[in-house]
Every structure is written in structure tokens, then in C-alpha cells.
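Colleague: I'd like to ask some things about the structure below.
Please treat every number below as a calculation from the coordinates, not as lab data. Predicted model only: the values in this text are computed from it and were never measured. Because the Cβ atoms are built from the backbone with ideal geometry, glycine has one as well, and the counts that use them run over all protein chains shown.
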There are 6 protein chains.
Amino acid sequence: MTPPAISRYPVPALAELPEDIRARILAVQEKAGFIPNVFITLAHRPAEFRAFFAYHDALMEKESGLSKAEREMIVVATSGANDCLYCIVAHGAILRIYAKNPLVADQVAVNHRKADITPRQRAMLDFAMKVAVDSPSITDLDFAALAAHGFSAEDAWDIGAIAAFFALSNRMANLIAMRPNEEFFLMGRVPRVK
Amino acid sequence: MTPPAISRYPVPALAELPEDIRARILAVQEKAGFIPNVFITLAHRPAEFRAFFAYHDALMEKESGLSKAEREMIVVATSGANDCLYCIVAHGAILRIYAKNPLVADQVAVNHRKADITPRQRAMLDFAMKVAVDSPSITDLDFAALAAHGFSAEDAWDIGAIAAFFALSNRMANLIAMRPNEEFFLMGRVPRVK
Amino acid sequence: MTPPAISRYPVPALAELPEDIRARILAVQEKAGFIPNVFITLAHRPAEFRAFFAYHDALMEKESGLSKAEREMIVVATSGANDCLYCIVAHGAILRIYAKNPLVADQVAVNHRKADITPRQRAMLDFAMKVAVDSPSITDLDFAALAAHGFSAEDAWDIGAIAAFFALSNRMANLIAMRPNEEFFLMGRVPRVK
Amino acid sequence: MTPPAISRYPVPALAELPEDIRARILAVQEKAGFIPNVFITLAHRPAEFRAFFAYHDALMEKESGLSKAEREMIVVATSGANDCLYCIVAHGAILRIYAKNPLVADQVAVNHRKADITPRQRAMLDFAMKVAVDSPSITDLDFAALAAHGFSAEDAWDIGAIAAFFALSNRMANLIAMRPNEEFFLMGRVPRVK
Amino acid sequence: MTPPAISRYPVPALAELPEDIRARILAVQEKAGFIPNVFITLAHRPAEFRAFFAYHDALMEKESGLSKAEREMIVVATSGANDCLYCIVAHGAILRIYAKNPLVADQVAVNHRKADITPRQRAMLDFAMKVAVDSPSITDLDFAALAAHGFSAEDAWDIGAIAAFFALSNRMANLIAMRPNEEFFLMGRVPRVK
Amino acid sequence: MTPPAISRYPVPALAELPEDIRARILAVQEKAGFIPNVFITLAHRPAEFRAFFAYHDALMEKESGLSKAEREMIVVATSGANDCLYCIVAHGAILRIYAKNPLVADQVAVNHRKADITPRQRAMLDFAMKVAVDSPSITDLDFAALAAHGFSAEDAWDIGAIAAFFALSNRMANLIAMRPNEEFFLMGRVPRVK
């Protein structure tokens, strides 16, 4: 049986990709054990690929007042609001692993108000959701609400920029009908047995 | 009188910027006669700046089945849907210049259904607007509607990716309260006198 | 080349109009230097024309706690919410002139929360926008919010009635596909040279 | 017990009103047996009163391809969409009387798709509802859908203009919290006994 | 003339119904003087009929901190939000009778914020409307707002459960195009003459 | 550490429940290996509990033109639209088991248009979603679209009634903040090893 398509667009073979992109993909494969489809499907457009992952890394790999789990929470919550299957499933897996919590990704994807998170994280997600779905309404009051939970202005930029970047990412995934790898559905749900 | 702030965040001095970013900004200034605020305000975060403009250029400067004016139409129409003042005003100016048409930017920003554009451009903007505001609903029918106007699958990627990139851009501009330069408001409205 | 239609409906010749309507239109032409399309397109229905402009004048020409520029702000902001190209462009021009400000019309049309206006004007537009898009939710609290900025109950009527009148006007313009005169796009954007 | 207020604003005494307005109100009272509150509450502003009823009459009293009952259907359906109690109750009463049908007003106010009306009336209300709630989306297709049911372009103007006028009327009633007269609730519900 | 259908589905004859269902329907007919269509149309599915009315009675007939009129207010207000003609008309009639008030049902169906009800009832309906149209957003603050008006946690369950049950009921009525009996339109509008 | 609350309301002890309810719960526990929280939290109200599960069984356990997996698809898709964590997680688990498919529940909860389902199932979910979120707009055309895929009128009732019942269920779960059992998150995701 033909496996289901992972994109509406042609998916390049590794061998035909520019060296830097192939290297990046092989490094991810090495680490994850498989190639997440976002890499191989977006590689259809090398220049956009490079900018996409440079942007991703600038937000998700940097030093920040937000933990890596918190950043993934923002991705999962806003991708839930945008009905993006790829991002909910793939980043949900990463969130489960970073947070060492098998439940929080599904909670946050559906309704962050009821998730097992701290009040500070609740405020962080309120801000992120506003950037994701109603950015013209953001005012100084929203920054003040973050500050009341100890977030700096730079933290606010981080929160908003992650929500903004995944506004792009969610739309690209919906545009090309990007399919999540099956591996993601189960990752982080079961404690690893030694 | 203090001029109004152009960002909620500190705006870097050119002298303190990394060399590549300063060079990019000076080149823009050379060409435009002023520094568009999107450059100097986003330079507050150099790594994000580099990715942002690399992404922008990968979409807006490349060879494409869409003319440059058509790409700017997508920016202006989707930024209108997202109530993003900076992008409507700045890209509206660029659209007027590329299209050599002083009216089309305001038309497209408010309601692309009534703009002085071709049926093909109308179909292009219908698709772009769906990516901008309802991407989960995109199906093969939307690609077929584009194809009926002669757009290839790669053109569809271009249209969708521009809408997706400005989903990010609009949210960043609203997040930091980016202010359009005054120069943009008038650009392309008056025929240049020789 | 045929100029684009300014209405979906027949546009009457001045000579065939009832005397009072022709006189009104000639007076406007005398003052503005051209006939704004709202006059000549709505003249297709003389009785409605008379009521429309009587209503308009009762609100926009009267003595009021609101300046003429403030009244035009209400028109532009609510027409932005209703995606009415004619009213945004034509009243945007009038607003620029009354306010002696080439930027405020575009600002208010897109997002009044970020416009260069006073807190009092921001409260005025918050109230107007609620009348325009969610009038069943208006309660005494909304009147109290106005009063806190010094608006009287009669001012509140003025604000709400202007928003209500342009709810009609925007729908008529969208119904007949009323096209803004080209003159409006540029008016008030450039300082007049003596 | 004090009767409930019929407006947030002062309600003028008949004696203090300008002669033409008092005459109009007395004529209505003569005919209806009571003064509908829309007359006496809007009389707080004589100039607006005159324009409002001139506009109303220009649309609702004229010769038209629409029957008077059909015009009231448009009022009731669009006022339902705008949650305007006064207009639903008062014009619902008038609709029941004109249509000699005690059920149709409640049907149309809640969901015109299920009302006991003809397919032609259903098409008329589809158009009116689009003018009321989504006028920027109106295209030639909407006029064609009307034409398929025998409506002329002038009929389309009538339908759209009534929806537009009650967009104003609904907002004014919600603004001033206009209260329907108790008489309206029962009118046209019971067959008159000779 | 054929009377209009009261359901998209076949309507069973009383004689062919299971004994318990026939008995229930006859009892209602005895009391009301006619068979409300909700009974005979839902009897098309006996097992669902039994569960539906058991649920209804568990909420609407029980001892409660809410009066019967208040419970009907919740039905009418939330059915108004769901555009359900059957429930607005039938429960509007019951509300008029329980409340001995010929006006309150129409008021509450259109806009509970302007109805002649107490502040406590206003808070009750605010909560019910949130359950009806935006239940994921309910937080402890909503329960606190009820408590401030003296509602216990069990009262909050009653309010929410009635809103939830009529979310089902409204959808069933819209699904099968359930038609309200003509009797309901007039019930409770005229004082009974002895 | 205290385990997180599974309801905003008191959760009864099995021993204090009425015999029939305790028996039902013990039977479920016997089958599932644990007590799903929907049973023990709703048991706070015995009469409502009985009606709720009678309704559930009447729809979900009956003979039907829809398979059990298809019925669970309806639950998961509409609960996704209603942001109901409990129903997405618990019925997602059941769907995975019935469909013997570890991926389909997450797919359907986020966006049924992209799920690995048949065109017939896609039509089924289109209908169910319309009942869930826009039931007043249902017309004969929606029934015709189902019939084109071989669904009978009785199948349409089943689809619509399940969507309607979970409109209730989702609102109750959101009202009481019902927490999904941890067991559900993993059920059906891993092939059982013999």
C-alpha cells in the first residue's frame, strides 16, 4: 500500500538537496531517530527552508526567560487555536518530553485555561493566544498583565514572537497539508524503561 | 516635541548594530531615501532580524509566476484582514509604485472584491485571504480554483507562503506597535514630475 | 477607455435631477471642486437622497460637544470596521483636512487603538465601535466610560448616532458598489503650497 | 409604581414639540390608538426625527415591487440579526397585520430559513441579511440570485436600502434603550372579532 | 390544504407508540389541551424520547434554588442565542405563564441585558449564556459572579445544566425542523378572563 | 501530593450512591479497568446521571447504519469544535480502539478535513459539525449531501443526535471542569502485544 502523502508538494530526496540542508536534516535524524516531516517537506524550497529554521532556532534555541518547555507550550496552545495538526502533534511530543509530563500537551492544545500549569504560565499563554488570534487588540495592559507575573519586556517579545512565528508555521503546514510523522503521536506518553 | 515612538522596544543606533545588519539597513536607506521602521525596530533582535529578512527576500525577491505588484497585493490584502497599520501603509506604498496605480492599495486593503484588479488577481487574493484567516479549511478545491486561472502549484505555494509570512509580520508589528514612517503615506500617490 | 462605473445603478445627469437636489450638488461641486460620488449616485433615488443628506447634516453640521474632526474620526473608524471603501477614502480625506493631520485617517481606519489621538478620543471611538459592531451589548457602563472623559449624555447620542448613520451609509455604499472619486485619495496628504 | 423608562434620554412632552413633529405624532396616535415609542423617543432630536421618518417613508410607503408585508419581513429578519427588541416587536406586529398571519413575524425574527414564506421571499431575505451583516461580501452573484426570482435591480435597491436603514434604526434603538409599547406584543396575534 | 409538516421525520400515531410514551403524551395533552410537538415528533425514537424527557424533568421539575420561571428564562435566553424557533416559542409561552408577565419572554429571547428582570436574574442569564455559547472559557470567576448574587454551587450546576440540556434540545429541534404548535404563540399574552 | 480535582463539584463515594448507579459504575470499572471520570463526577446528580447515560446508550449502543467507530468520530470531531478536553481525550481513546487506528482521533479532533477517513465519513462529519456549531442553517441540502453518500434519513438523525447529545456533554464537562483519567491519554496508541 502506498503510504499517505506527507505534503501536497513533491518531497525531495535527501541526495538532491543542497549540502547545508542535507546536513541539517541528517543531524536531526541522528538525534530524533527519524526525519520530522517539517524538514523534508519544507526542503522543497531551500531558501525558505533556511530562513524558516534560522527563525525557529533564533526563538526556540536561544537563552530566554522562558524555559524550553514553556516555549513549546506557546507553540502547542497557539497551534491548537489555528487547528494545525502537524504542530499540535509534533510540538506536543516535544512539550511532553521537555516538561516530563505526558498530559500537558493535550491539555494545552485544547484549552490552556484548564491545563496543569502555573498561574505564570497561564498568563504567558493568555498573551500568546492574543497575539495569535487578535493581535490588533494588544495594548500596554497586556504587557502589564505579563509584568505582574514577573515577565520582562524581553520575555514578552519572546512570547509574542513565538506565537507570531507559529502563525506562519501553522499556515504553511495547513497550506501544504503537512502530515505529522507517526512517531510523534506516542513520544513522551510512556515513561522510558531502562 | 518628542517624536512619537516607533516601537514599544528600544530602537538600536546604527553604530551599535552588527556589521551585516548595518550594511543591509544602509543599503535600504540609500535606495529609499530613509530607513523604513521595520528594519530599525526589528534590529533590536539581530538573529530574528536576519531570519526575517532572509524569509522576506526568499519570497518577495525571487523569480515567480507572480509579478512584484501581485505579491505586494497579497501583502496589503492580508494585512488589511489583520488590521496591521505598518504593513498596510508601507506595503501599500510599494504596491502603488510597482503597480503604477495610486488607487489600488487602498482598494485592496479594504475589500479586494471591489478593487480594480483582474479576475486572475481576484482569485489569487481569495486564496491568500483564506490562508490568512482560515487556513484549516483549505482543500484541493482551493488549488483547483487557482489552477482555473492559470496558476501553477508553485504559484499557489508562493501565494500561500506570502500570506503566511505576513501573518507573522503583522503580528510582530502589532506586538511591538511598529509605526509606519511618514514618508510611506504619500509615496506613489502623486505622479512623479520630470 | 471607459472610466470605471461609480455605481451598480444608473447615475443621473445633473440636468434631469429635481431642482433642490441639483442645487445641493452644484453647491458641493462649487466648494469641493468636484462632485463627490455619494451625491450623484444616491440621487438615483431623490426621496432617499433628501432624507440621507438631511440626516447627515443633522449630525455632522450641527453644534456639538464633538469637533468636526472628531465626528469624522467616528465615520472613518466605523467605516473601517465595516470595510466600506467609499467612506474610508472620502471621509478619510475630510478628516485629514479638519484635523490638519495627514496620518490620522489611515491610523483610525485600521486600528483606532494605535492612532495619534487623545485618551478622550480613544474613549469616543471605543463607544462608536461598540455601536457599530455590537450595539445589543451597550449598557450603562459604556455611558459611564464616556462620562469619565467628560462626555455628556448628549455627546453620547451624537457619537452613537453618527456610528448608526454610517452603518446605513456603509451598507448603501457596499450595496451599490459606490466608487470613491480619485480626488479623495490625495486630499489632505500634502501641505498646501501658497 | 413608576412605569419603566422608554428611553435612556428625556422624552419630550407633545406640547413642547415643533408643530410638524407634533402633527406627525398625533396622526400616528389617531391611526394606531397609541404613540409608538420610536416617535416620541426620537423626537428628543427634532432634526434627526424629521430625517429619520422621511427616510422611513421614502422606503416603506413608496410604490415598490415589494409588498408592504415583504418590506416588514425585511425589517423583522434583519432586526432579529441585530438583536433589536424594539424593531422586532413593533415591526413584528405590523408584519402580522399586513401579512394577516399571526405566526410569520416570530418565524422570520428567529430564522427566516424556516419561515412559512415563498422561495422568492426566502431569496429576498437572504439578500437582506447579507446587506445587514456582511455587506462587503456582496457581489454581482447576489443580484443574480435575486433576479432568478424575478426581482429587478430596483427591487434589489429597495431590499438593500431597507436593510441598511434598519441597520441605523436598530443601532439607535439599542443606543437609547428604546422600549417597545406593550400594545405591540399582542397586535395581530388574535383574529379581530367583528 | 395540507397542514405544514411539524418535523422532517415521520410523526408517529399515538396508537402505535409504546404504552409509557403514549401515557406521558396523553397526560400532557390533558393538561395543556393539545400535544406540544416536541413530544410527538421526538416519539419517533422511543429510547431517545424517554431519556430526553427524563433529563428534562430532572432539571425542570426538581426542587431548586431557581424558580420555575427562572429556569424557563434560561431556556428562552439560550434558545434565542441558538436561533431555535420551537424552544423560543414554546418555552416563551411557559415563561409568560410562570412569570405572569406577557412581555418578559420576548425581551429575554432577544436581549437579556434589557429585560425587565432583577440583577440576580441578569447574573444568572450571563452565566447561562456563557455555558451556551462559550463554555471553554468558564472559570472560577464566573462562579464567583454568581455567588455574589447569592447563588450556591448547586444553583450554578442547575443553571449550567439547563443551558447544556437546551444546547441539545435546540440542535434536535433545528435538525428535524420541529414546528411550534400555533397555540404557543398566544399563550400567556392575554390575561385570562374568568 | 493531593491528586488534582476531577470536578469542581463533590465527587461521591461509590458506597453512598444509589444501587443502580453503583452497579452501572462497577460494570464499567470491570470492563475498563478503571472508572472513567464522567461516571463518578456526574453521579453527583443521580437523576441527571440516569438520563445522561440512558441518552448516551440510546445513541451509542443501538443498531445503526453508522459503525461504532464512526459514532465516536462524531463525538471527537464535535468535541474538538467545542474545546472539550474530557470528551476529546476519553472518546479519542475509544475511537482509536474501535477504529484500530492510533492516529485518527488526533486527526479528527483537530481538523476532520485532513483525517485518514473515507469521503463518506468526511460527509458525515461535515453534517455533524454543522449541527454542532451552526444548527439554524441546516436545510434540506445538507440532508441531500448525506444521501449522496448513501446515508438514510435515519442515519442523518443518528449523526445529528450524537452531535446534539455531545453539545450537552461538552458543556457539562466544561461546566464542572471534568478531568480526563490519565489512562485515556495512552489507550489505543500502542498495539497490544500478545
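Colleague: So how much slack lies between E:Ala32 and E:Ala148, counting 0.36 nm per residue of separation and subtracting their Cα-Cα distance, in nm?
Modeller: Working: separation 116, 0.36 × 116 = 41.76 nm, distance 3.79 nm.
Full extension from E:Ala32 to E:Ala148 adds 38.0 nm.
Colleague: Taking only Cα atoms, what is the 0 to 90° angle, nearest 10, from helix A:85-99's long axis to the longest principal axis of chain A?
Modeller: 70 degrees
Colleague: Dividing the alpha-carbon Rg of the protein assembly as shown by 2.2 N^0.38 Å yields what?
Modeller: Details: Rg = 30.8 Å, N = 1164, 2.2 N^0.38 = 32.2 Å.
Taking the Cα Rg and dividing by 2.2 N^0.38 Å, one obtains 0.96.
Colleague: May I have the convex hull volume per residue, in Å³, for the Cα set of region E:154-194?
Modeller: On the way: hull volume 4.1 nm³, N = 41.
Cα convex hull per residue, to the nearest whole number: 100 Å³.
Colleague: Under the Cβ-under-4.7 Å rule, which cysteines of the protein assembly as shown stay unpaired?
Modeller: none
Colleague: OK, next. Straight-line reach from E:Lys100: which aspartates and glutamates have a Cα under 18 Å away, not including same-chain ones fewer than 8 places off?
Modeller: Straight-line reach from E:Lys100, under 18 Å: D:Glu182, D:Glu183, E:Glu70, E:Glu72, E:Asp116, E:Glu183.
Colleague: While we're here: Could you give the angle, 0 to 90 degrees to the nearest 10, between helix C:68-81's Cα long axis and the longest principal axis of the Cα atoms of chain C?
Modeller: Once rounded, one gets 90 degrees.
Colleague: Sort F:Ile162, E:Ile40 by Cβ crowding within 10 Å, fewest neighbours at the top. Kindly include the intermediate steps, with their values, before the conclusion.
Modeller: On the way: F:Ile162 27, E:Ile40 23.
Starting with the residue having the fewest Cβ neighbours, the order is E:Ile40, F:Ile162.
Colleague: Here's something else I'd like to know. Roughly how many Å is it from the Cα centre of region C:88-132 to that of region D:1-64, as a whole number?
Modeller: With region C:88-132 and region D:1-64 each reduced to a Cα centre, they are spaced 33 Å.
Colleague: Note the angle between two axes, namely the Cα long axis of helix F:19-32 and the longest principal axis of the Cα atoms of chain F, as a number of degrees from 0 to 90, rounded to the nearest 10.
Modeller: Long axis of F:19-32 versus the principal axis of chain F: about 70 degrees.
Colleague: Also, I was wondering about something else. Only helical DSSP H runs with n ≥ 4 go in: add -39500 (n - 2.57) per run for chain E, normalise by residue count and round the 222 nm mean residue ellipticity to 500 deg cm²/dmol. Please list the in-between numbers first.
Modeller: Working: 10 runs with 124 residues, N = 194.
Computed mean residue ellipticity for chain E: -20000 deg cm²/dmol.
Colleague: If we count other beta carbons within 10 Å of each Cβ, what is the order of E:Arg171, D:Arg113, fewest first? Spell out each step's value before the answer.
Modeller: Working: E:Arg171 27, D:Arg113 19.
So the residues, fewest neighbours to most, are D:Arg113, E:Arg171.
Colleague: Per residue of C:101-107, what is the mean number of Cβ atoms on other protein chains within 10 angstrom of that residue's Cβ? Mind showing how you got there, number by number?
Modeller: On the way: counts 0, 3, 8, 0, 1, 9, 5.
For this peptide, the per-residue mean of nearby foreign Cβ atoms is 4.
Colleague: P(r) for region A:39-114: what percent of alpha-carbon pairs falls in each 5 Å bin, starting at zero?
Modeller: All Cα pairs considered, the percentages come to 3, 17, 22, 22, 20, 11, 4, 1.
Colleague: Continuing with the same structure: Rounded to whole angstrom, how close does the nearest chain B beta-carbon get to the axis mapping B onto D, and which residue is it?
Modeller: B:Asp134, 8
Colleague: Of all trypsin sites (Lys or Arg not before Pro) in region F:28-103, which ones are in loop regions per DSSP and have a Cβ with at most 14 other Cβ atoms within 10 Å? Display every interim value, and only then the final one.
Modeller: Numbers: sites: F:Lys31, F:Arg50, F:Lys62, F:Lys68, F:Arg71, F:Arg96, F:Lys100; in loops: F:Lys62, F:Lys100.
Sites meeting the loop and neighbour criteria: F:Lys62, F:Lys100.
Colleague: Counting pairs of alpha carbon atoms under 8 Å apart in space and at least six apart in sequence, what relative contact order in percent does region C:3-138 give? Write down the numbers at each step before the final one.
Modeller: On the way: 115 pairs, mean separation 22.4, N = 136.
Here the relative contact order equals 16 percent.
Colleague: Whole-Hz ³J(HN,Hα) for each residue in region D:155-170, computed from phi via Karplus 6.51 cos²θ - 1.76 cosθ + 1.60 with θ = phi - 60°, x for glycine and proline: what do you get?
Modeller: So the Karplus estimates, Gly and Pro as x, are 4, 4, 4, 4, 4, x, 5, 5, 4, 5, 5, 7, 4, 5, 4, 4 Hz.
Colleague: Can you pull the mean other chain C-beta count within 10 Å for peptide D:50-60? Can you show the working numbers first?
Modeller: Numbers: counts 4, 11, 6, 1, 7, 8, 1, 2, 8, 4, 0.
For peptide D:50-60, the averaged partner shielding equals 5.
Colleague: Can you give the log10 of the normalised intensity I(q)/I(0) at q = 0.13 Å⁻¹, computed with Debye over equal Cα scatterers of region E:41-194?
Modeller: Debye output, listed in q order: -0.58.
Colleague: Here's something else I'd like to know. Using only the Cα atoms of region A:21-64, each taken as one equal point scatterer with no solvent, compute I(q) by the Debye sum, divide by I(0), and report log10 of the ratio at q = 0.21 Å⁻¹.
Modeller: Taking Cα atoms of region A:21-64 as identical point scatterers yields -0.71.
Colleague: Jot down the radius of gyration and Dmax of region C:1-79, Cα atoms only, both in angstrom.
Modeller: Gyration radius and largest Cα-Cα distance of region C:1-79: 14.3, 48 Å.
Colleague: Then there is this: Could you pull out the longest piece of chain F with no exposed loop GluC sites (Glu not before Pro) in it, calling a site exposed if DSSP puts it outside H, G, I, E, B and it has at most 15 other Cβ atoms within 10 Å? Show your work: numbers first, answer last.
Modeller: Working: sites that count: F:Glu61, F:Glu63.
Value returned for the longest uninterrupted segment is F:64-194.
Colleague: If you don't mind, another one. Count, for each residue of E:129-136, the Cβ atoms from other chains sitting within 10 Å of its Cβ, then give me the mean as a whole number.
Modeller: Working: counts 0, 3, 4, 2, 1, 3, 11, 13.
Across E:129-136, the average partner-chain Cβ count within 10 Å equals 5.
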